[in-house]
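**Student:** Handing you this structure, nothing more for now.
The values are calculated or read from the model by the stated rules, or taken from the named source; none is laboratory data. Keep in mind that what you see is a predicted model, and the values were worked out from it rather than measured. Note that each Cβ is placed from the backbone with ideal geometry, even for glycine, and that neighbours are counted across all protein chains shown. Quick note on the areas: whole protein, heavy atoms, side chains included, nothing else; ligands and nucleic acids left out. Shrake-Rupley method; radii C 1.70, N 1.55, O 1.52, S 1.80 Å.
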Amino acid sequence: MKRPTYTLSSIIKKVFRSGERSLPREEICSRLEASGLITGFGMDGSALLAKVLRMDQSPVRVGRSEAIIELTYQPHQLFDLAYRFVRDTHTPKTLEQIAAELRRQTQFGWNQIMRMLQLERDPRFVQYQGDARWFLAEWTLANDQVYAFCRANGITQVAARSVHHFLEQEAGVAVDAMFLPALDDRFRLDGETLYIIARDGDEEEKHAGLEAAAAVETAEEAEPEADPAEAGQTAAGTIDAGLSGASRPQPTDAQQGREEQRERSETHHHHEVHEQLHFEEELSMNTVQNQSVLEEVQQLLRQALGRLEARSAEMAQEVVAHFQQSNMQAIEVLMKEKHKNEQIALGIQQVLAAAEQQ
């Protein structure tokens, strides 16, 4: 059973609450047991803590005594910039992506950033097993919520391009929650479709469905036979019809032909009506889907525009700081970035205006 699972060092980070720099060893073990995060690792809290303490880039170390465990994180400007970058983009990032952004924002070289930026020690950053990206410890996971919603509403697949809209508008997933289908065997992304796979507890539903099908088959086999009295009346009616048939007018060949033609006409009409309804239903669904995609694109463009505006405000403060340090080269870089951002923002505004006029 594959589920998104924190790495061992990330589990230890999750134990520490905001503002805590050290904790008694017993308290850490107690919180580990109570959190349920170590379920499936085959070790208790004490063994897991001992294993993390032996790591080269461990987020914790032994304090003044063996009974006290403290964080190894030391505040630095690079860590704060990395945290702000991941928080503002609200997207998990690899170390290389974070380093590239910090190199753009600061005067540090690539090798300096990679050497100094040890996110394993920062309690604000966590990782999941099998995923090289860094997440924020404050983010929540929405996989269970999405799976429960899909199973309750009979949803077995979602178009990949509309997953974002589906999570927010239908499943009600919080904006600060992460959805990680690639780390969960209850979901499978195949091409342009995200499939929801029934697991574990759904076996009872399957068994109940088989029992219901068997009950229907039994009921069909046990249908009551015709009553003898009714059978006698039917036979008598048939005999009477045969005896009086000679006196009743028989339909001519022309009448039979007109009757068959009428039946064929009605059947053809029913097929046309069904095809028309099916076409109208597909047209309506395509229209709704196109509107959903357009709304999603507009929302993403507005978010991008907001981030560009926020970045412009940040650059104004950075220009002042560089001016005080007489760092004209950094100011020149910021002015080029500002011009580029303004051009992009203008293009986005024009696209949004054109979309709203339609």
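**Student:** I need the strands (runs of 3 or more DSSP E) fully contained in region 1-103, keeping only those with at least 2 residues that are at pLDDT 95 or above and touching a Ser or Thr at 6+ places or on another chain (Cβ under 8 Å).
**Tutor:** 60-62, 68-71
**Student:** Scan region 160-190 for residues that are over 9 Å from the mean Cα position of the chain (by Cα), open to solvent by 30 Å² or more (accessible area, probe 1.4 Å) and of a type in the set (A, V, I, L, M, F, W, C) and jot them down.
**Tutor:** 160, 174, 175, 182, 189
**Student:** Looking only at region 50-62, decide whether some residue is over 21 Å from residue 133 (Cβ atoms) and open to solvent by less than 40 Å² (accessible area, probe 1.4 Å).
**Tutor:** yes
**Student:** Return the pairs, sorted by first residue and then second, in which the second residue is in a loop (DSSP other than H, G, I, E, B) and surrounded by fewer than 17 Cβ atoms within 10 Å (Cβ to Cβ), the first residue lies in region 90-102 and is at negative phi, the beta carbons are less than 8 Å apart, and the residues are 6+ apart or on different chains.
**Tutor:** Listed by first residue and then by second, the contacts come to 92/131; 92/133; 93/133; 94/132; 94/133; 95/132.
**Student:** Which of (1) of a type in the set (D, E, K, R); (2) over 30 Å from residue 111 (Cβ atoms); (3) free of Cβ contacts under 8 Å to residues at least 12 places away in the same chain is the odd one out, the single condition residue 54 does not satisfy?
**Tutor:** Of (1) of a type in the set (D, E, K, R); (2) over 30 Å from residue 111 (Cβ atoms); (3) free of Cβ contacts under 8 Å to residues at least 12 places away in the same chain, only one is false for residue 54: (2).
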